[in-house]
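Colleague: Please read through the structure below; I'll follow up with questions.
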Amino acid sequence: MMQSEYKPDFPLPKMFPLEQVFPGRDTDFEYVTAVQKALEPLRFRVKPGMRVGLAVGSRGITGLDCMVSTAVEVLQSMDARVVILPAMGSHGGASSEGQTALLAGYGVGREQQGVPVEASMETIQAGQTEWGTPIYWSRAASELDGVLILNRIKPHTDFKGNLGSGILKMLVVGLGKRDGASAFHRASIQHGYENVLRTYAESLLLKMPILGGLAVVENALHQTDSIRFLPSESLVKEEEKLFQTARDLMPRLPFDDLDLLIVDSIGKNVSGSGMDPNIIGRGVHGYSTDFSQQTDFPRIKRIMVRDLTPESHGNAIGIGMADYTTSRLVRAMDPRTSFVNAVTAMTMNGAKVPIHFESDREVIQWALSSVLVADKKESRILRIRDTLNLNWMEASESLLREARSHDQVRILGDPEEMAFDAQGKLPAIMH
């Protein structure tokens, strides 16, 4: 006699809405004025007729299109001939078409700024390290008279130190294209990320036509905190200072110990790793759910990811840091784009597909069934939009007392039953 298929079925915890209150700006950031002021020193570096490349990456930086447009206008006011350089390593399927499309999705391209986009993936070998590893760089960028790199400064997703993801990383990895990104990550596995980043950057700054960087720092609300120009001769030292500021401004989850974290969306526009390991406490090279010896926080026993952002163009890297996901996210995943990025970055675990089911309800049931909590209604659950936006969220009733005593948490409503539509899908987090 055939047995019926097993499905976990138990009452789910009630959830309440909350706001995590961070210090932020009361008024809109004046991007045009800030970029114009920051780039004023370039008037002593850019000569009329110079061919200058503005390097732009694939992150979801607030106000990016306005910053790029203003930077192009400032350079043109100096009589420079400007081109936009996609600087994103292997993203976009490691193709010029894919990278051009990614930038267009952020409002950056020929149509928006009226200047050419030079998206060739061709590289030159610009040097070699003492370890014998090659340093590759964009051929198109190497043939210009100057390159200005625009990027956000923030802690890296793959390593910890005094430098992270910023101008130097875009210089080395982004403008290294697929060849350079691959060489960098392979060297980093052997010699350490920050060590290799500094070594590669030092070589490129000496040999390549780098004008400097337009460095952006964001606050915990994903708002622009500051924009600064970092000249090439002091780029490393100045980026180190901004990195400390960016690290202090980073948000974090309001609770350190969770049974289940529900992440509504992952994507390359959220984090280079799909979701930020600095937020979730799991690394891109793999994780363990054995917490018996773990002392670091946050301690998250299970992670569920629900959807892939459209801006990620099918790149679902980071899905492998979750324990559970939805079948719709798996269907939205472009395997080639995701796998090329994962292999290039040497973070293969990030592209592994976790356990998945069709509906949100079913995934949550299965996730909680694997947590050692006797009464599932007492499970400690937190739901967030993504790891970049940590102000509006939902938490389970068992976290209510903790939330009331948290000085950064504002409770926005009473606990209510989880709401699902006819397909078992959760509604959007409201604010």
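Colleague: Specify the residue that is nearest to Ile279 (Cα to Cα); the eligible residues are those in segment 232-257 that are free of Cβ contacts under 8 Å to residues at least 40 places away in the same chain and crowded, with 16+ Cβ neighbours inside 10 Å.
Modeller: Ranking the qualifying residues of segment 232-257, first place goes to Leu249.
Colleague: Please give the strands (runs of 3 or more DSSP E) falling wholly within segment 1-105 in which 1 or more residues are touching a helix residue (DSSP H, G or I) at 6+ places or on another chain (Cβ under 6 Å) and within 21 Å of Asp145 (Cα to Cα).
Modeller: Answer list for segment 1-105: 51-56, 81-86.
Colleague: Somewhere in segment 186-202, is a residue at positive phi and not assigned by TED's automatic domain parsing to the domain that holds Val363?
Modeller: yes
Colleague: Can you confirm whether Thr337 is in contact (Cβ under 8 Å) with a residue 60 or more places away in the chain, crowded, with 24+ Cβ neighbours inside 10 Å and either farther than 18 Å from Ser165 by Cα or aliphatic (A, V, I, L, M) (or both)?
Modeller: yes
Colleague: Restricting attention to segment 199-258, report how many residues are basic (Lys, Arg), over 18 Å from Arg25 (Cβ atoms) and under 22 Å from the mean Cα position of the chain (by Cα).
Modeller: Residues that pass the stated criteria total 3.
Colleague: I'm checking my understanding of the structure. Among residues of segment 95-113 that are aliphatic (A, V, I, L, M) and crowded, with 18+ Cβ neighbours inside 10 Å, which one is modelled with the highest pLDDT?
Modeller: Val108
Colleague: Right, something else. Contact list please: Cβ distance under 9 Å, first residue in segment 19-33 and farther than 12 Å from Glu218 by Cα, second residue surrounded by fewer than 15 Cβ atoms within 10 Å (Cβ to Cβ) and hydrophobic (A, V, I, L, M, F, W, C), pairs at least six apart or on different chains.
Modeller: Filtered contacts from segment 19-33: Glu19/Leu412.
Colleague: To continue, here is another question. So, Ala342, is that one at pLDDT below 95 and in contact with a Leu (Cβ under 6 Å, 6 or more places away or on another chain) or not?
Modeller: No; evaluated as a whole, the condition is false for this residue.
Colleague: Follow-up question, since we're still on this one. What do you reckon, is Ala345 in the same structural domain as Thr289 (by TED's automatic domain parsing), closer than 26 Å to Gly424 by Cβ, surrounded by 17 or more Cβ atoms within 10 Å (Cβ to Cβ) and under 18 Å from the mean Cα position of the chain (by Cα)?
Modeller: Criteria not met by Ala345.
Colleague: Can you tell me which residue within segment 114-136, out of those that are among the polar types (S, T, N, Q) and under 26 Å from the mean Cα position of the chain (by Cα), is surrounded by the fewest Cβ atoms within 10 Å (Cβ to Cβ)?
Modeller: Top of the filtered list is Ser120.
Colleague: Could I ask something else about it? Considering each residue of segment 246-258, count those that are closer than 19 Å to Gln223 by Cα, in contact with a Pro (Cβ under 6 Å, 6 or more places away or on another chain) and not in a helix (DSSP H, G or I), and give that number.
Modeller: Total satisfying the criteria: 1.
Colleague: Further, regarding this structure: Got a sec? Which of Pro298, Pro277 is within 17 Å of the chain's Cα centre (by Cα), in the same structural domain as Gly350 (by TED's automatic domain parsing) and touching a residue at least 40 places away in the same chain (Cβ under 8 Å)?
Modeller: On inspection, the qualifying residue turns out to be Pro277.
Colleague: Turning to a different aspect of this structure: Looking at segment 373-431, what strands (runs of 3 or more DSSP E) fall wholly within it and have at least 2 residues that are more than 23 Å from Val305 (Cα to Cα)?
Modeller: So the answer is 409-411.
Colleague: Let me ask something additional. Scan segment 52-60 and give yes if some residue there is at pLDDT 95 or above and more than 22 Å from the chain's Cα centre (by Cα), otherwise no.
Modeller: yes
Colleague: If you don't mind, there's one more thing I want to ask. Is segment 413-425 home to any residue that is under 28 Å from Glu218 (Cα atoms) and surrounded by 11 or more Cβ atoms within 10 Å (Cβ to Cβ)?
Modeller: no
The values are calculated or read from the model by the stated rules, or taken from the named source; none is laboratory data. Computed from a prediction, not measured in an experiment: that's the story for all the values here. Note that we place each Cβ from the backbone using ideal geometry, even for glycine, and neighbour counts take in every protein chain shown.
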